[in-house]
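Participant: Please see the structure below; I have some questions.
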Amino acid sequence: METTKETVLHGWHVEQGANMALFGSYHMPLWYRSGTKAEHLAVINAAGIFDTSHMAVVSLSGRDARGVLQRCFSKDLRQCLGRGPLVDGRAVYGVFLGDDGTVIDDAIVCQLAEESYMVVVNASMGPAVALRLRENAGGLAVVINDHSDRIGKMDIQGPLAARILGRVLREPGEAFANLSYFAFRGGFGDFVAQRPVVTVDGTPLLLSRTGYTGEFGFELFVAIERLPALWEMVLAAGRDDGLLACGLAARDSLRAGAVLPLSHQDIGPWPFLNNPWQFALPWDSGGKAFTKDFLGGPALLAASWEKHTLPFAGFDARKIGAGEGSLVTDERGRAIGTILTCTTDMAIGRVEGQIRSVAEDPGFAAKGLCCGFVLLDEPRQPGDTVVLSDGKRRLTVEIRADVRPSRTARRPMSAMPGLEAEMSTLRAEVNP
Amino acid sequence: MKEFDELLFNEEFRYTEEHEWVSVGGAELMVGISDYAQDQLGDIVFVEMPEVGATFARGEQFGTLESVKAVSELYLPVGGEVVAVNEALGDSPELINQDPYGAWIVKIRPSDTAELEQLLNAESYRSMLRG
């Protein structure tokens, strides 16, 4: 029997009246009293915080750490930042594949130093990923550790994330200066990167400009016993700016609108091909071969996988559950695939057929659009329509290249409103 | 999630085991979902309602409610003809979350008011939820 696990913030979630549910064997908040819609919109208009301590961290250190990752992980670490190699303080997204080219899990690999890496994977996946790495580390100079349930992690996401987080950091200007998307700094315990980042109460943290919402923001890693205090401190710092604690339902609808996959749902035990996330693979410029040899790579090149994973968006908030009995048909009712994810992005709506976001116009009364991913037996192009069905209801949706417009994840730090001025004021207050 | 003692009940209404309520008295009866149901579903984002004039048997599906996470079917507590649908829910489905016993979904003209007797009163519904 599987044990139900709790994060260190579980008591807080329950105390706040969160609607709780099991996710990856963790008892997690789906939404708090403010409700999913308010939480989703907070991340678009202000900021939200998420308890993500259920995610697992695996570390690799030693002379051969990079070599083991290069063999097991899908990104070519010699050329994954443009044409350049992964360097200290930078992170990359990719997947761990089985030898048959199916997905074990997706992950973000952070280079703390040339011989030290932090691999962030999904809930309950620490042991499986650590095992995969160890199987390929025989006789090599590398120490691999699974830190599942021993690291505190929370995310702050939304346009005001830096402004709010800056209020709890000792040197916010230094922590944020030129911190690009998929860069990180700071550290704690054995996870030491460049430049310490420390909160006003002296908690060291690893500050990573990554996330799972498509919006500007950070993932914060701390010693597990420091997480509850950090959570409360950030929440208090953002209260007047509309910061909300957000549950997994808002996390799911935000990521779906941002066309980000949920591991073991949108990617899983089938070849990692014909999907929107091929940037996770080391394709060469010709797109027919890989720039390196890695586990699962040869199987992908040899695979005859004809199915296509495609994002879609509906024309209103109606959706069809992705459960058993649901399917995708063409306009004539012929079955052509299955539904992987179907949720509602509450920040968007259609105006004369075009998708618009409240991020572009705060006065826009978005009613929400259903969106997600389908796995089709045949190709479709953006703009094509298919029909989702649960056997009773039929819903026409549009295949999309992208879903929620005007996302903020990749905006430069300097473009986030009011940041620089506020930073200098804050620094003066904290260090008079 | 609301604690049991925070849940609201309308003492005048009758309830189904699927958490719909129906008003009692008069030629037209209002139908909606309970406070417990809206709290479990979370934010309602879309209400699919039947055509006025449609008739349904008791227990038959007459519409769907969509929350951000799920699609739920609505079953009619007593059979009858739909005489009105709550148009306000088209623009503001969240009214169901805000005021579950005010935000009726359909009004029906019951074909047999005796069917009301087979439903739960507020006290039995409360007991059912308490478990």
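Participant: Which residue pairs have Cβ atoms closer than 7 Å, lie 6 or more positions apart in sequence or on different chains, and pair a first residue in the stretch B:92-107 that is within 18 Å of B:Glu48 (Cβ to Cβ) and facing chain A (nearest Cβ under 10 Å) with a second residue that is surrounded by 23 or more Cβ atoms within 10 Å (Cβ to Cβ) and of a type in the set (D, E, K, R)?
Facilitator: Note: pairs meeting the criteria are B:Glu94/B:Asp43; B:Asn97/B:Asp43.
Participant: Looking at (1) within 12 Å of chain B (Cβ to nearest Cβ); (2) touching a Pro at 6+ places or on another chain (Cβ under 9 Å); (3) under 29 Å from A:Trp270 (Cβ atoms); (4) not hydroxyl-bearing (Ser, Thr, Tyr), which is the one condition that is false for A:Ile355?
Facilitator: Condition not satisfied by A:Ile355: (1).
Participant: Inspect all residues belonging to the stretch A:232-249 and state whether any of them is more than 28 Å from A:Pro382 (Cα to Cα), open to solvent by 40 Å² or more (accessible area, probe 1.4 Å) and within 14 Å of chain B (Cβ to nearest Cβ).
Facilitator: yes
Participant: Determine, yes or no, whether B:Gly26 is open to solvent by 40 Å² or more (accessible area, probe 1.4 Å) and small (Gly, Ala, Ser).
Facilitator: yes
Participant: Among the candidates B:Tyr125, B:Tyr101, which residue alone is in contact with a Ser or Thr (Cβ under 9 Å, 6 or more places away or on another chain) and under 30 Å from A:Gly368 (Cα atoms)?
Facilitator: Sole residue among the options that is in contact with a Ser or Thr (Cβ under 9 Å, 6 or more places away or on another chain) and under 30 Å from A:Gly368 (Cα atoms): B:Tyr101.
Participant: Within the stretch A:188-222, how many residues are under 20 Å from the mean Cα position of the chain (by Cα) and part of a strand (DSSP E or B)?
Facilitator: So the count comes out to 9.
Participant: Which one is surrounded by the fewest Cβ atoms within 10 Å (Cβ to Cβ), of the residues in the stretch A:22-59 that are assigned to a strand (DSSP E or B) and within 9 Å of chain B (Cβ to nearest Cβ)?
Facilitator: Only one residue fits best here, namely A:Leu30.
Yes or no, residue by residue, for (1) surrounded by 23 or more Cβ atoms within 10 Å (Cβ to Cβ); (2) within 14 Å of another protein chain (Cβ to nearest Cβ); (3) closer than 18 Å to A:Lys37 by Cα:
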{"position": "A:Asp316", "(1), (2), (3)": "no, yes, yes"}
{"position": "A:Ile320", "(1), (2), (3)": "yes, yes, no"}
{"position": "A:Gly323", "(1), (2), (3)": "no, yes, no"}
{"position": "A:Thr344", "(1), (2), (3)": "yes, yes, yes"}
{"position": "A:Arg350", "(1), (2), (3)": "no, yes, yes"}
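Participant: Let me ask something additional. Residue under question is A:Ala18, and the condition is that it be closer than 19 Å to A:Tyr212 by Cβ, within 13 Å of chain B (Cβ to nearest Cβ) and open to solvent by less than 10 Å² (accessible area, probe 1.4 Å); does it hold?
Facilitator: yes
Participant: Related question: Could you please find all residues in the stretch B:108-122 being touching a residue at least 12 places away in the same chain (Cβ under 8 Å), out of contact with any Phe, Trp or Tyr (no Cβ under 9 Å at 6 or more places or on another chain) and not polar (S, T, N, Q)?
Facilitator: Of everything in the stretch B:108-122, those that are touching a residue at least 12 places away in the same chain (Cβ under 8 Å), out of contact with any Phe, Trp or Tyr (no Cβ under 9 Å at 6 or more places or on another chain) and not polar (S, T, N, Q) turn out to be B:Arg109, B:Pro110, B:Asp112, B:Glu115, B:Leu116.
Participant: Related question: Here are the criteria: (1) within 22 Å of A:Gly214 (Cα to Cα); (2) open to solvent by 10 Å² or more (accessible area, probe 1.4 Å). Tell me which single one A:His10 does not satisfy.
Facilitator: A:His10 satisfies every listed condition except (1).
Participant: May I pose another question? Out of all the residues in the stretch A:158-182, which are open to solvent by less than 10 Å² (accessible area, probe 1.4 Å) and either touching a residue at least 40 places away in the same chain (Cβ under 8 Å) or not in a strand (DSSP E or B) (or both)?
Facilitator: Selection gives A:Gly158, A:Ala161, A:Ala162, A:Ile164, A:Leu165, A:Gly166, A:Val168, A:Pro172, A:Ala175, A:Phe176, A:Leu179.
Participant: With within 28 Å of B:Asp5 (Cβ to Cβ) and modelled with pLDDT of 95 or more as the only criterion, which of B:Leu74, B:Leu41, B:Leu29, B:Leu89 stands out?
Facilitator: None of the others qualify; the one that does is B:Leu74.
Participant: Then there is this: B:Val31 passes all but one of (1) open to solvent by less than 10 Å² (accessible area, probe 1.4 Å); (2) under 21 Å from A:Ser34 (Cα atoms); (3) of a type in the set (Val, Ile, Thr); which number fails?
Facilitator: Checking B:Val31 against (1) open to solvent by less than 10 Å² (accessible area, probe 1.4 Å); (2) under 21 Å from A:Ser34 (Cα atoms); (3) of a type in the set (Val, Ile, Thr), the one that fails is (2).
Participant: Please pick out the residue among A:Leu340, A:Leu419 that is within 26 Å of A:Ala250 (Cβ to Cβ), at pLDDT below 95 and more than 14 Å from chain B (Cβ to nearest Cβ).
Facilitator: A:Leu419
Participant: May I pose another question? Looking only at the stretch A:2-23, decide whether some residue is modelled with pLDDT under 95 and within 17 Å of the chain's Cα centre (by Cα).
Facilitator: Yes; the residues of the stretch A:2-23 include at least one that is modelled with pLDDT under 95 and within 17 Å of the chain's Cα centre (by Cα).
Participant: Could you check the stretch A:367-413 and list, in sequence order, the residues that are among the aliphatic types (A, V, I, L, M), assigned to a loop (DSSP other than H, G, I, E, B) and within 15 Å of A:Ile348 (Cα to Cα)?
Facilitator: Across the stretch A:367-413, the qualifying residue is only A:Val403.
Participant: Show me the strands (runs of 3 or more DSSP E) entirely contained within the stretch B:41-82 in which 2 or more residues are of a type in the set (D, E, K, R), within 13 Å of chain A (Cβ to nearest Cβ) and on the phi > 0 side of the Ramachandran plot.
Facilitator: Values: elements: B:44-48, B:61-67, B:71-75.
Hits in the stretch B:41-82: none.
The values are calculated or read from the model by the stated rules, or taken from the named source; none is laboratory data. It should be emphasised that the depicted structure is a prediction, and the values quoted were computed from it without experimental measurement. When we count neighbours, we look across all protein chains shown, and the Cβ atoms used for this are built from the backbone with ideal geometry, even at glycine. To get the accessible areas, we keep the full protein, side chains included, count just its heavy atoms, and leave off ligands, DNA and RNA. Shrake-Rupley method; radii C 1.70, N 1.55, O 1.52, S 1.80 Å.
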